[in-house]
1. Can you tell me which residues in region 22-42 are loosely packed, with under 15 Cβ neighbours inside 10 Å, out of contact with any helix residue (DSSP H, G or I) (no Cβ under 6 Å at 6 or more places or on another chain) and assigned to a helix (DSSP H, G or I)?
2. Please enumerate the residues belonging to region 44-56 that are in a helix (DSSP H, G or I) and touching a helix residue (DSSP H, G or I) at 6+ places or on another chain (Cβ under 9 Å).
3. Taking the conditions exactly as written (among the charged types (D, E, K, R) and within 16 Å of the chain's Cα centre (by Cα)), does Glu13 satisfy them or not?
4. Can you tell me how many residues within region 88-114 are part of a helix (DSSP H, G or I), open to solvent by less than 60 Å² (accessible area, probe 1.4 Å) and touching a strand residue (DSSP E or B) at 6+ places or on another chain (Cβ under 9 Å)?
5. Give the residues of region 10-21 that are within 21 Å of Ile60 (Cα to Cα) and either at pLDDT 95 or above or open to solvent by 60 Å² or more (accessible area, probe 1.4 Å) (or both), sorted by residue number.
6. Here's a check for you: in region 115-144, which residue that is open to solvent by 50 Å² or more (accessible area, probe 1.4 Å) and under 20 Å from Ile60 (Cα atoms) is modelled with the highest pLDDT?
7. I want to confirm something. Restricting to region 43-87 and keeping residues that are among the hydroxyl-bearing types (Ser, Thr, Tyr) and modelled with pLDDT of 90 or more, which single residue is most open to solvent (accessible area, probe 1.4 Å)?
Amino acid sequence: MIPSDHFTRFYNEVFKFLESKGQEDLDLYWLEISKNQEKHILDLIKTKGLQGMYEYWSVIEEEENCELDLMVDDEHLELHMHGCPSLAKVMDNDAAPMTRYCDHCAGWIGPIMDKTGYHLVYDVISRTEPRCVMRIFKDAEKAKEAEKSVQLLMGWPGKKAAT
């Protein structure tokens with residue numbers, strides 16, 4: 001198995017290469033990542049809803065050694081990433097980070113939320129700081145209201161946002 005610091009560097013280079021080919025190629029790659037991640041999260045969402053998402057990201061918190069706060073209630077899930085190990089590893093690299101490296105998270109999560117009827121609001125905050133806020137809502141109107149308070153709203157294949 002490839003060590004995580006090598007994996008994130010590999011991802012970074014793949015993203016840069018695909019971006020040089022065009023946004024469509026990058027979107028197609030993120031959709032493939034999304035399809036792969038469905039194997040890990042889709043059943044949890046279908047059977048447990050927001051609580052299933054909480055279970056999924058709780059495991060990610062531990063496995064990836066993330067500094068994050070994770071909250072869930074009957075209406076939404078909220079994740080505050082205080083120290084993203086993926087972006088930190090990419091930034092601690094001799095090769096320049098892809099300027100939009102963080103976009104891959106919404107790039108794979110967004111399509112899954114679209115398929116399951118949930119509404120993603122992904123605030124990267126800054127592309128140069130390893131932190132973000134992800135909110136997932138049951139109600140589309142609550143998601144639209146939450147979008148008003150983001151600093152840097154992410155889109156994904158099928159949903160465009162300001163870049």
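The values are calculated or read from the model by the stated rules, or taken from the named source; none is laboratory data. The model shown is predicted, which means the values in this text are computed figures rather than measured ones. Counting neighbours? That spans all protein chains shown, and the Cβs are built from the backbone with ideal geometry, glycine included. For the accessible areas, the whole protein counts, side chains as well, though only heavy atoms, and no ligand, DNA or RNA atoms are used. Shrake-Rupley method; radii C 1.70, N 1.55, O 1.52, S 1.80 Å.
1. Within region 22-42, the subset loosely packed, with under 15 Cβ neighbours inside 10 Å is 22-25, 28, 32, 35-36, 39-40.
Filter again for out of contact with any helix residue (DSSP H, G or I) (no Cβ under 6 Å at 6 or more places or on another chain), leaving 22-24, 28, 32, 35-36, 39-40.
Those that are loosely packed, with under 15 Cβ neighbours inside 10 Å, out of contact with any helix residue (DSSP H, G or I) (no Cβ under 6 Å at 6 or more places or on another chain) and assigned to a helix (DSSP H, G or I): Gln23, Glu24, Leu28, Glu32, Lys35, Asn36, Lys39, His40.
2. Restricting attention to region 44-56, the residues satisfying the condition of being in a helix (DSSP H, G or I) are 44-48, 50-56.
Leu44, Ile45, Lys46, Lys48, Gln51, Gly52, Met53, Tyr54, Glu55, Tyr56 - these are the residues of region 44-56 that are in a helix (DSSP H, G or I) and touching a helix residue (DSSP H, G or I) at 6+ places or on another chain (Cβ under 9 Å).
3. Values: among the charged types (D, E, K, R): yes; within 16 Å of the chain's Cα centre (by Cα): no.
It is false that Glu13 is among the charged types (D, E, K, R) and within 16 Å of the chain's Cα centre (by Cα).
4. Of the residues in region 88-114, the ones part of a helix (DSSP H, G or I) are 88-91, 103-114.
If we keep only those that are open to solvent by less than 60 Å² (accessible area, probe 1.4 Å) too, we end up with 88, 90, 103-113.
After this cut, where a residue has to be touching a strand residue (DSSP E or B) at 6+ places or on another chain (Cβ under 9 Å) as well, the list is 103, 105-113.
Count: 10.
5. Applying the first criterion (within 21 Å of Ile60 (Cα to Cα)) to region 10-21 yields 10-12.
The one that is within 21 Å of Ile60 (Cα to Cα) and either at pLDDT 95 or above or open to solvent by 60 Å² or more (accessible area, probe 1.4 Å) (or both): Phe10.
6. Applying the first criterion (open to solvent by 50 Å² or more (accessible area, probe 1.4 Å)) to region 115-144 yields 115, 119, 127-129, 131, 138-139, 141-142, 144.
Filter again for under 20 Å from Ile60 (Cα atoms), leaving 129, 131.
On the way: Glu129: 90, Arg131: 94.
Only one residue fits best here, namely Arg131.
7. Residues of region 43-87 that are among the hydroxyl-bearing types (Ser, Thr, Tyr), as a first pass: 47, 54, 56, 58, 86.
Those left that are additionally modelled with pLDDT of 90 or more: 47, 54, 56, 58.
Values: Thr47: 93, Tyr54: 71, Tyr56: 21, Ser58: 36 Å².
Restricting to residues being among the hydroxyl-bearing types (Ser, Thr, Tyr) and modelled with pLDDT of 90 or more, the top hit is Thr47.
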